[in-house]
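A quick write-up on the structure given underneath.
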Amino acid sequence: MVIENSIKGFIDTHIHTAPDSKPRILNDIEAAYEAKKEGMHAIFIKSHIESTAGRSKIAQEVSGLNVIGGVCLNLSVGGLNPNAVKAAAELGGKIIWFPTISANKINVCFENTEDILNIIAEKELILATGHLKVNDIFSLLDYAKSMHIKKILINHPLTRVVGASIDEQKEMARYALLEHCFVACMEMHDNLDPNVLAEAIKEVGPKNCIMATDFGQSHNPTPVEGIKLFVYYMKKNGINNSDIDKMCMENPSKLLL
């Protein structure tokens with residue numbers, strides 16, 4: 001399927017690029033150039049196994065696109081490791097993801113969390129919840145609120161990784177933006193009906209949501225093709241252009257302030 005939706009000014013907050021331990025369809029610089037060609041404003045590059053703070057800086061300098069990196073607090077970087085957070089920030093990283101592929105192996109109730117959140121608050125970084133389950137997300141939100149952290153992103157709230165109900169998503173949205181990723185609709189992933197995503201967005205409200213891809217896998221389309229597909233299916237399921245712009249431009253821009 002060839003989709004020709006304009007994505008000028010869009011920000012994709014969730015892309016996986018090479019180099020990585022898994023096959024990726026594009027490397028950091030290729031992903032940046034692809035997004036720049038479409039007139040996108042920025043992309044976030046993520047790795048489950050290493051910091052992308054330095055990598056994003058190189059991709060940005062080479063391509064001229066805003067490329068955002070950070071670190072995912074999995075076991076490969078020491079888990080809930082304040083030193084990894086500090087290093088990412090010193091390299092220009094802007095986002096700290098709590099554990100993803102190590103979420104079931106790390107006690108997130110919450111060793112070193114205070115030190116990590118202190119760095120996030122001090123450096124005005126983005127706090128992302130990774131693959132934490134619902135109860136841990138709410139614990140982290142309470143902690144973050146007490147430390148006046150404003151830029152919070154709930155990853156994958158709807159899909160099996162997190163599995164939050166609509167009521168739980170509405171509660172999360174009181175203090176955070178909810179990132180819905182189109183990868184959930186892919187056959188080799190959750191194979192979710194796009195209508196389910198659209199209905200969740202309508203229930204929680206586009207003002208509280210972000211549309212991203214989580215693409216980069218070698219078996220899926222490129223991230224640019226993915227965001228165009230996401231827009232196509234959301235329009236098909238009753239999401240209007242204004243709300244799409246809100247979720248793809250306005251809301252993610254708030255994370256970059």
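The values are calculated or read from the model by the stated rules, or taken from the named source; none is laboratory data. In this text, all values refer to a predicted model and were calculated from it rather than measured experimentally. Reconstructed Cβ throughout: ideal geometry from the backbone, glycine too, with neighbour counts over all protein chains shown. Accessible surface is based on the protein model in full, side chains and every heavy atom, while ligands, DNA and RNA are left aside. Shrake-Rupley method; radii C 1.70, N 1.55, O 1.52, S 1.80 Å.
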**Complete:** Residues whose built amide H sits under 5 Å from the amide H of HIS189, excluding neighbours closer than 5 in sequence, are none
**Request:** Would you mind calculating the relative contact order of the chain from Cα pairs under 8 angstrom and at least 6 residues apart, reporting the percent as a whole number?
**Result:** 19 percent
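At most 14 other Cβ atoms within 10 Å and a DSSP loop assignment: could you name the trypsin sites (Lys or Arg not before Pro) in the stretch 144-177 that fit? Each step should come with its number before you reach the end.
Details: sites: LYS145, LYS150, LYS151, ARG160, LYS170, ARG174; in loops: LYS150, LYS151, ARG160, ARG174.
The qualifying sites are ARG160, ARG174.
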**Request:** Search the structure for amide H atoms under 5 Å from the amide H of HIS14, placed 1.01 Å from N in the peptide plane, and list their residues when 5 or more places away or on another chain.
**Result:** PHE44, THR213, ASP214
**Message:** If amide hydrogens are placed 1.01 Å from N in the peptide plane, which non-local residues have theirs closer than 5 Å to the one on CYS209?
**Reply:** LEU178
**Asked** Rounded to the nearest 500 deg cm²/dmol, what is the calculated helix-only ellipticity per residue at 222 nm for the chain, with -39500 (n - 2.57) per DSSP H run of length n ≥ 4?
**Response** -11000 deg cm²/dmol
**Message:** Can you work out the Karplus-derived ³J(HN,Hα) for every residue in the stretch 50-59? Use 6.51 cos²θ - 1.76 cosθ + 1.60 with θ = phi - 60°, whole Hz, and x for glycine or proline.
**Reply:** 8, 5, 10, 4, x, 4, 5, 5, 5, 4
**Request:** Work from the charge dipole of the chain (Cβ charges, +1 for Lys and Arg, -1 for Asp and Glu, about the Cα centre) and give the residue of ALA32, GLY70, ILE227 farthest towards its positive end.
**Result:** ALA32
**Message:** Using a 1.4 Å probe on the protein heavy atoms, what percent of the accessible area of the chain belongs to carbon and sulfur?
**Reply:** 48 percent
**Prompt:** Tell me, what is the per residue accessible area of the stretch 177-220 in Å², probe radius 1.4 Å?
**Reply:** 35 Å²
**Asked** Quick one: of the DSSP bridges fully inside the chain, what percent are antiparallel, nearest 5?
**Response** 5 percent
**Prompt:** What is the Cα centroid distance between the stretch 157-227 and the stretch 57-119, reported in whole angstrom?
**Reply:** 22 Å
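For the stretch 1-104, run through the trypsin sites (Lys or Arg not before Pro) and keep only the ones in DSSP coil with at most 10 other Cβ atoms within 10 Å of their Cβ. Write down the numbers at each step before the final one.
Values: sites: LYS8, ARG24, LYS36, LYS37, LYS46, ARG55, LYS57, LYS86, LYS94; in loops: LYS8, LYS94.
Those satisfying the criteria are LYS8.
Counting heavy atoms of the protein chains only and a 1.4 Å probe, report the per residue accessible area for the stretch 6-66 as a whole number of Å². Can you show the working numbers first?
On the way: 2610 Å² over 61 residues.
Spelled out: the 1.4 Å probe surface of the stretch 6-66, per residue, equals 43 Å².
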**Prompt:** Scaled to the compact-protein estimate 2.2 N^0.38 Å, what is the alpha-carbon radius of gyration of the chain, rounded to two decimal places?
**Reply:** 0.92
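Just to confirm the filter: which GluC sites (Glu not before Pro) across the stretch 87-134 are DSSP coil and have at most 15 other Cβ within 10 angstrom of their Cβ? Could the numbers behind the result be given before it?
Values: sites: GLU90, GLU111, GLU114, GLU122, GLU124; in loops: GLU111, GLU124.
Passing both the DSSP loop test and the Cβ count: GLU111, GLU124.
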**Prompt:** If you take the alpha carbon radius of gyration of the stretch 100-158 and divide it by 2.2 N^0.38 Å, what ratio comes out, to two decimals?
**Reply:** 1.05
**Request:** For the stretch 87-95, just list the computed ³J(HN,Hα) in residue order, Karplus coefficients 6.51, -1.76 and 1.60, θ = phi - 60°, integers in Hz, with x standing in for Gly and Pro.
**Result:** 5, 4, 5, 5, 8, x, x, 10, 9
**Request:** Provide the per residue accessible area, probe 1.4 Å, for the stretch 91-168, rounded to a whole number of square angstrom.
**Result:** 46 Å²
**Computed over the stretch 56-204, the ratio Rg/Rh where both radii use C-alpha atoms and Rh is Kirkwood** = 0.98
